[in-house]
Amino acid sequence: MNRFFDIPSDLQHDWIGLVGLHLREALLPVLGGLLLALPIAQLCVRLRWLYPPVLWVTTVLYAIPSLAFFVVLIDYTGQTELTVMIPLTVYTLVVLVPAIVDGVRSVPQETLAAATAMGFGPVRRYVQVQLPIATPAIVAGLRVATVSSISLVSVGMLIGNQGALGNLLHDAQIYNRPELAWNSVLTTAALAVLVDALLVGVRVLLTPWMPSGSGATRTRKEATAR
Amino acid sequence: MRISGLTGQAQRAGIEARHTPAARLKHNRSRLSPQQSELGWSRAGGNGQTRRVFGVLIRIDSVTKRYPDGTVAVDRLSLEIPDRAITVLVGPSGCGKTTTLRMINRMVEPSEGTIWIDGQDSRRQPVNTLRRSMGYVIQNAGLFQHRTIVDNIATVPRLLGWSKDRARSRARELMERVGLDASLARRYPYQLSGGQQQRVGVARALAADPPVLLMDEPFSAVDPVVRKGLQDELLRIQDELGKTIVFVTHDIDEAVKLGTMVAVLRTGGRLAQYAPPADLLSNPADAFVEDFLGADRGIRRLSFFSAAGLDLLTAPIVAVDATAEQIARAAQGAPYLLVTGIDGKPLGWSEPGALTAGSVDTGRLLSYGRPFVAGEDSLRSALDCAVLSPAGWAVAVDGEGRATGVISQTAIAEAIRGAHEAAPGVGGTTGAGEPKALR
Ligand SMILES: Nc1ncnc2c1ncn2[C@@H]1O[C@H](COP(=O)(O)OP(=O)(O)OP(=O)(O)O)[C@@H](O)[C@H]1O
Ligand SMILES: [Mg+2]
């Protein structure tokens, strides 16, 4: 047990360092995905016909194995973190775009009519009325995207040392130290649970206007193991 | 200007004849400019029973709305909406009421025709400026669920660039005006009842003090008791603030109660009749309007006649401690006597023979039903009291609830005939201006 946190030197980080690296490689793609998804979703809300093809494209992208992404990207971005984070960013879209679109569309018709009647222009209405009311749905989408991103970072070990906690799996094998594999799995799971709880906290802070007890549960169905 | 039916034409002349020269002069200055909106014009009545009509603020001029799918929602509609009065649009579902209302603030653009606001084509000003000068209230209030009550009400002032503090203090002022407790200010909409939310909706529409209020079935989602409260509140607010209100409903009783003018629309978006409610009830333009008004329009029309002129009898009233002599005198010519307490308030009816002089057994009196207030209530209330009373006589009381007289069904019927003869077209309330439904 005292060798549990004894990380082989080829990983160039101690355990804490690996956790930090893992979080960065998992969370930056979610943030990037959110920044991409917001304008895409807004377009889909305004141009209804655009939504089905966009959904289709995000689903197809999600279906491409990360290895295929790596093969293509490695020529441009090398064996870097970026090569890992780009596919992860693309994968979050399959959850985030529908979460935002459905959230924005679920704003009651009366609320929208009232906003228009009070003289809100389309942009102001989107930012000040539709997005805030869609917050619970967006956060629900973020939770799924974040948890799946945290588990997916590990595949970065395929391009050598870019899998953060995932690299421990590789080392467990080559050094024949099974406790490293346990460390990898348990730490990843703990991170996912912690970050998820944090997001729930953020949601509660952001939405004091929600009747308590009616937590957002939409888009959970999108959660798929990869 | 197309108003169907002769009554409409006559009535339109009526509206214009009622302008005082002074009101007309003032009206030449823009009603929509902010400096003017604070001017306190003299208001007739003041007790909410008479409402003076000032002029036309919104003129809907031969407007047609054809939706992209070909539906003609409104067909060559022309309406002159009077200033500082409540104009009600009423009609069956799908007759184009909401469409008409939304064309006024350009949430829907007319396909043909023009809407003139205070003499100006509504398309000539920026659409959001136009909308901010018109409060808008809808069913279920349409509140912003993510904002507190004060912030909901402060929305339009904030859009107009007021500081947060000023907008919020204005919002608190309005909460009081619409009868909302100040403790609700920091709550969110989900923590309010439907009736309270509707009040917030009205307060929000009033926040920037717009001259015009557009209301689309605002009270139809609440129960009848709350609805009546909201209607009374609206009439009170209208008396205080003198807004130009366009009110959509499919409830003819609500239309008659609230409207200074009532426009009945028929399916296909055509105007069936445009008249004050008393006229509508006495002279429906055609079978459609008559049908829409329902079976008891005769009874409802009595709401427009005051009970003040009734010949009340005081002789058949005796106090609980009446002497045998007093009872005998009162009993002459009256089948029943009304017994009152020492304080003058009615206790109940009794046959004269059943009364014991000196101290009446109040337990054996017959119920007197619900009394009417002679100075305030209508002939409808008086008749209602008489019909409900087991003795067939109505009891009139004063403001403090003391019995001031009694009257039989027969005498009320006599008075109703007299009132109809005196005012065959328009209801005969006192004072200038459009007659308003009494309680
Ligand atoms: N956006 C639209 N596109 C096509 N047709 C519409 C549209 N909005 C309304 N209509 C049609 O126009 C007609 C009038 O609709 P409107 O909403 O004005 O009726 P309404 O009198 O307010 O009815 P209700 O009492 O049910 O609210 C209806 O036949 C309706 O189906
Ligand atoms: Mg409607």
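Odds and ends about this structure:
- Candidates B:THR100, B:THR129 - the one that is within 14 Å of another protein chain (Cβ to nearest Cβ) and either at pLDDT below 95 or under 26 Å from the mean Cα position of the chain (by Cα) (or both): B:THR129
- Checking A:SER149 against (1) within 14 Å of chain B (Cβ to nearest Cβ); (2) within 30 Å of A:LEU21 (Cα to Cα), the condition it does not meet: (1)
- Among the residues of region B:202-247, those identified as within 14 Å of chain A (Cβ to nearest Cβ), assigned to a strand (DSSP E or B) and either surrounded by fewer than 24 Cβ atoms within 10 Å (Cβ to Cβ) or away from ligand 2 (no atom under 16 Å from the Cβ) (or both) are B:VAL212, B:LEU213, B:ASP216.
- Pick from region B:183-201, criterion more than 12 Å from chain A (Cβ to nearest Cβ) and of a type in the set (Ser, Thr, Tyr), ranking: nearest to B:LEU143 (Cα to Cα): B:SER193
- Residue that is surrounded by the most Cβ atoms within 10 Å (Cβ to Cβ) [pool: residues in region B:378-401 that are in contact with a Pro (Cβ under 8 Å, 6 or more places away or on another chain) and part of a loop (DSSP other than H, G, I, E, B)]: B:ALA391
- Scanning region B:100-124 for residues that are within 16 Å of ligand 2 (Cβ to nearest atom), of a type in the set (Val, Ile, Thr) and closer than 14 Å to B:SER62 by Cα gives B:THR100, B:ILE104.
- B:GLY94 modelled with pLDDT under 95, crowded, with 21+ Cβ neighbours inside 10 Å and either assigned to a helix (DSSP H, G or I) or within 16 Å of ligand 2 (Cβ to nearest atom) (or both): no
- Apart from one condition, A:HIS170 fits all of (1) part of a helix (DSSP H, G or I); (2) within 14 Å of another protein chain (Cβ to nearest Cβ); (3) more than 27 Å from A:GLY33 (Cα to Cα); the exception is (2).
- Filtered by the rule that a residue be small (Gly, Ala, Ser) and either crowded, with 20+ Cβ neighbours inside 10 Å or part of a helix (DSSP H, G or I) (or both), region B:179-201 gives B:ALA182, B:SER183, B:GLY194, B:GLY195, B:GLY201.
- The single residue among A:LEU31, A:LEU38 that is touching a helix residue (DSSP H, G or I) at 6+ places or on another chain (Cβ under 7 Å), modelled with pLDDT of 90 or more, part of a helix (DSSP H, G or I) and of a type outside the set (Phe, Trp, Tyr) turns out to be A:LEU38.
- Subset of region B:309-335 (residues that are buried (at least 17 other Cβ atoms within 10 Å of the Cβ), of a type outside the set (Val, Ile, Thr) and in a helix (DSSP H, G or I)): B:ALA330, B:ALA331
- Of everything in region B:132-155 that is part of a helix (DSSP H, G or I) and at pLDDT 95 or above, the residue that is nearest to the other protein chains (Cβ to nearest Cβ) is B:THR155.
- Residue that is surrounded by the most Cβ atoms within 10 Å (Cβ to Cβ), among those in region B:402-428 that are modelled with pLDDT of 85 or more and of a type in the set (Val, Ile, Thr): B:VAL406
- Residues considered: B:MET103, B:MET107. Of these, the only one that is within 16 Å of ligand 1 (Cβ to nearest atom) and part of a helix (DSSP H, G or I) is B:MET103.
The values are calculated or read from the model by the stated rules, or taken from the named source; none is laboratory data. Quantities reported herein were computed from a predicted structural model and do not represent experimental measurements. Glycine gets a Cβ as well: all are built from the backbone with ideal geometry, and neighbour counts include every protein chain shown.
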